[in-house]
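The values are calculated or read from the model by the stated rules, or taken from the named source; none is laboratory data. This is a predicted model, so every value here is computed, not measured. Using ideal geometry, Cβ is built from the backbone for each residue, glycine included, and neighbour counts are taken over all protein chains shown.
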Amino acid sequence: MNRITVFGGAVRDYQDTILKERDRYTDDISMVRTRLFSDESISSLGNASPRRWSRLGIGALASGVAMVVLGWLVWPGATDGMNKHSGTHFRIDNWVQAAAGETREIAFDDGSVVRLEGGSGRIVSQQKRRVRYVLERGTATVQVVHHSDTQWVVSVGPYQVNVVGTVFEVTWRPESQYFRLVLWEGAVDLYGPMIEAGRKINSAERFEAWITDGRVSISSLEKEGTRKDSDGSVSVDGGDRTANDKAAARPPVVESDDPGGRTGRGDSVVVKKTVTAPDDHVLSWSAMNKNGQFQEVVSQAEAEGFAHVWTARPVEDILALADAARLVQRLPVSMEAYQWIRKRFGGTVYASNAAFELGRMTLDRHRDYEGAASWLELYLNERPTGPFAREALGRLMESRQQMGDGAGAAAAAHRYLESFPDGPHGELARTLIFVKH
Amino acid sequence: MTIVGQHKNRVSVPFIGDDEALARALQSNQPGAREALYDRYATHVRRVLVRTLGTTVDIQDRLHDVFLEVFNSSSGIRDGAKLKGWLSRVTVFTAIAHIRRRSKRRWLVYSAPEEVPEMAVPAMDNEKRQAVRDVYAILEKMPIKERMPFALRVIDGMSLQDVADACDISLATVKRRISKGRLRFETLAGKYPLLQDMLRADVPGRQQ
């Protein structure tokens, strides 16, 4: 079997995994079957041939070009009026921001609602009832009305919530790496750090993660007496959050785009006007990464000037740039980004994670075993029980082995087996301990 | 050929018969034949669409397009025993039409309505995801006559004869195009280090 055949198989396996995952939330085969064989299907056009229909479709698109140029998204899938709110079209991809204590809503005409409290988020894409929402920071209550073709994906920090119809609340505090999901109705599948294989979160459950500490907690809302208010809005008794949230959260710094000033605490501000996008350079690089716009992130950084980025940008932006640069093979940029994170934010979890990433790149890309070992040991010294500890130890073993440092490799192997006896490097670790140098 | 609308109260009866019988039923507008064809081959068609166009394509719209074309052109089935191959051919040519339409719309700022953001797959690292995106970025640069046979043979693993049937070309031609497609792909992949890593990955059983 030659290597390109093996390579093709790897691509095939990846696609099949995507399709299998997709089938959990959307039944393409059934939905298209319904479209093809329903009374209202295109087949009722009689003699219209598909090719002719396609030409009509292109003609309709051409007539919509002017609206596209103006910046309105008017796709065929959007004309079912999902985004209409009080006669005003909400513009996809615009940031919606709410100051601390303020609430902003995006309402869809099928009854689905996203309610943002004290943070920022945006709808990245929307096509019929397939919506992708990114919560950049803060808390969002998401109420999704179930239809047969409903498929929402809500990205919250490093977590992803896949939804077909439910009511839930998500919170993300990037400065403290704290995540919370509260499920009021329905069930969702949650994926992310410490639950990479996914976990179903059921109605009346709360999931919390403190990523820095590598800790998660799942608790029942029923035991606490939390409830959903009779007016349909969702709140915890007393309008308060859990003690853990208070301990973990620091108020995000966001600015309201309401020139009239903030409304009272707890008041809802419904979006009655078109919200304008903030400057694309602010708080958008991590969201752009989630959308796969890696090259654009790097281009924006270049346009701004890397020197300015390193010294003036917040850590989330530099992290996003480091990731994006790595993925578009601008490795020197990526490595410099991580090094600046260590320089500017030393002592933080970001700096430690940057040491791990530097170790990983140094090993994988440059095969500099000694350099990699230094970075990995630095990470392990700073975060011995951090979320990357297992991988760091595994790679440290490899690095030491490749350097010919048998004693060092065996020492790392002992540490690995003490903490992660069933880890993926377990076999290597056992081999290293019994090899005589 | 007139496409007949469906009645609300029609009950679907499973079609019992091989592909030849199904092809005959389709061509004679037998009730339930279209549904039976769809039920039998929709998964296959979806798979071929994903292999040739990637996973960012709007799968449902493309699947719908294929079967619409299938129902409109079932009189073109020459050999009922090769029904699946004929379906693959319609799928490939529908995919080609989509590629050509999309390339005409490239000047639009936003991604074409047929493309939706890829659904993030849990536990899949970004590098693997990016590598597969790179694969389809390269396929976009290849001539369609090389891209299609290459994708069907290398990514889907289709037999050479099936690829030839799907692309409506001879076996000799398909071999030549796949060979050229491989060379072109490997050359273009030189600009994508992630792909180079994948292409250089150890092959099971090979000597180091």
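The table below lists the values:
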| read-out | value |
| --- | --- |
| Residue among A:Ala337, A:Ala355 that is in a helix (DSSP H, G or I) and touching a Lys or Arg at 6+ places or on another chain (Cβ under 7 Å) | A:Ala355 |
| Residue match in the range B:167-178 (condition: within 13 Å of the chain's Cα centre (by Cα) and assigned to a helix (DSSP H, G or I)) | yes |
| Subset of the range A:388-406 [more than 15 Å from A:Ile433 (Cβ to Cβ) and part of a helix (DSSP H, G or I)] | A:Ala389, A:Arg390, A:Glu391, A:Ala392, A:Arg395, A:Ser399, A:Gln402, A:Met403 |
| Residue in the range A:379-386 that is touching a Phe, Trp or Tyr at 6+ places or on another chain (Cβ under 8 Å), surrounded by 17 or more Cβ atoms within 10 Å (Cβ to Cβ) and at pLDDT below 85 present | yes |
| Scope the range A:19-50; condition out of contact with any Lys or Arg (no Cβ under 9 Å at 6 or more places or on another chain), farther than 18 Å from B:Ser74 by Cβ and at pLDDT 80 or above; matching residues | A:Lys20, A:Ser30, A:Met31, A:Thr34, A:Arg35 |
| Top-ranked residue of the range B:32-52 - restricted to ones that are closer than 16 Å to B:Ser74 by Cα and not charged (D, E, K, R), ranked as surrounded by the most Cβ atoms within 10 Å (Cβ to Cβ) | B:Val45 |
| Complete set of residues in the range A:287-329 that are modelled with pLDDT of 85 or more, on the phi < 0 side of the Ramachandran plot and in a loop (DSSP other than H, G, I, E, B) | A:Arg313, A:Pro314 |
| Filter result (touching an Asp or Glu at 6+ places or on another chain (Cβ under 8 Å), under 25 Å from B:Lys191 (Cβ atoms) and of a type in the set (Gly, Ala, Ser)) within the range A:325-360 | A:Ser334 |
| Out of A:Gly165, A:Gly186, A:Gly192, sole residue that is of a type in the set (Gly, Ala, Ser) and touching a Pro at 6+ places or on another chain (Cβ under 7 Å) | A:Gly192 |
| Some residue of the range A:309-319 being touching a residue at least 40 places away in the same chain (Cβ under 8 Å) and not small (Gly, Ala, Ser) | yes |
| Residue in the range B:107-129 that is buried (at least 16 other Cβ atoms within 10 Å of the Cβ), away from chain A (no Cβ under 13 Å), at pLDDT 75 or above and under 21 Å from the mean Cα position of the chain (by Cα) present | no |
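Residues are listed down the side, and each one gets a yes or a no for (1) within 11 Å of chain A (Cβ to nearest Cβ); (2) β-branched (Val, Ile, Thr); (3) in a loop (DSSP other than H, G, I, E, B):
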{"residue": "B:Pro31", "(1), (2), (3)": "no, no, yes"}
{"residue": "B:Thr43", "(1), (2), (3)": "yes, yes, no"}
{"residue": "B:Leu68", "(1), (2), (3)": "yes, no, no"}
{"residue": "B:Lys82", "(1), (2), (3)": "no, no, no"}
